[in-house]
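**Q** If you scroll down you'll find the structure; I have some questions about it.
Any read-out appearing in this document is the output of simple, stated calculations on the displayed coordinates, not a laboratory observation. Keep in mind that this is a model prediction, so the values were computed, not measured. Ideal geometry is used to build each Cβ from the backbone, glycine not excepted, and the neighbour counts take in all protein chains shown.
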Amino acid sequence: IFRPKDDIMERAEAMVNSLRQEADMVVGLHIRRGDYATWNDGRFFYELSEYHAFMLRVQQLYSDRRVAFFISSNEDFQLSMFEGCTCQRFGKEPSGAILDLYTLSLCDRIMGPFSSYSRWASFINRVPLCFLEEKEQQFTEESFSSIVDFFHFENGKEIFDW
């Protein structure tokens, strides 16, 4: 009932397979800005350069692997700004939200600001998720855990309603 249409699933799988040609690990990055500039006083709003820094730190965490990123965002920006990172994304299109959501669910890890969107992507395929909570955030393997219900990670961490 909740499965995306076949063409969306095929495109998502093709995207992840393409990234896997260049990488051992695919990390989905949910870039959400827009309303986050004001929501919760901008606490979880990050500049694109800060998202780039998160990406570089995750690459450092998994330095024994080739890491590529699938980027999910409804913003227009050039991927070239993420220098030193292998990344791809879908452009703006009518099926963008569900296409991005399903593609995130096929990644090996997901990271992004607090959002039910990335929670759902984690839950669909039990993909370990890490919420971006502060600009200088450091990452460990334990930073990532699958969502088991709307307010809980598999590792016991609780999500508070912001």
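**Q** Want the number for Phe77 to Ile98: 0.36 nm per residue separation, take away the alpha-carbon distance, what's left?
**A** 5.6 nm
**Q** Determine the calculated [θ] at 222 nm for the chain from helices alone, applying -39500 (n - 2.57) to every DSSP H run no shorter than 4 residues and normalising by the residue count; nearest 500 deg cm²/dmol.
**A** -9500 deg cm²/dmol
**Q** If you don't mind, there's one more thing I want to ask. Mind checking the full-extension length gain between Asn40 and Asn125? Use 0.36 nm per residue of separation minus the Cα-Cα distance, one decimal, nm.
**A** 27.7 nm
**Q** Zone of Gln60 (label point 7 Å along Cα→Cβ, backbone N under 12 Å): which residues in segment 120-146?
**A** 136-140
**Q** Could you pull out every residue, at least 5 positions away or on a different chain, whose amide H is within less than 5 Å of the one on Ser72? Hs are placed 1.01 Å off N in the peptide plane, and Pro or chain starts have none.
**A** Close amide H contacts, sequence-distant or interchain: Leu29, His30, Ile31.
**Q** Further question on the same structure: For Met9 paired with Thr86, estimate the spin-label separation in nm (one decimal), with each label point 7 Å from Cα along the Cα-to-Cβ line.
**A** A separation of 2.7 nm, rounded to one decimal place.
**Q** Could you give log10 I(q)/I(0) at q = 0.18, 0.19 Å⁻¹ for segment 45-162, computed by the Debye formula over C-alpha point scatterers of equal weight, without solvent?
**A** Taken in order of the listed q values, log10 I(q)/I(0) reads -0.99, -1.11.
**Q** Find the Rg to Rh ratio for segment 1-51, where Rh is the Kirkwood radius over alpha-carbon pairs and Rg uses the same atoms.
**A** Result for segment 1-51 is an Rg/Rh of 1.15.
**Q** For segment 20-100, just say rounded, prolate or oblate: build the C-alpha gyration tensor, square-root its eigenvalues into a ≥ b ≥ c, call rounded for a/c under 1.5, and beyond that prolate if a/b exceeds b/c, oblate if not.
**A** oblate
**Q** Could you work out the mean projected area of the convex hull around the alpha carbons of segment 57-119, in square nanometres to one decimal?
**A** Mean projected area for segment 57-119: 4.8 nm², to one decimal.
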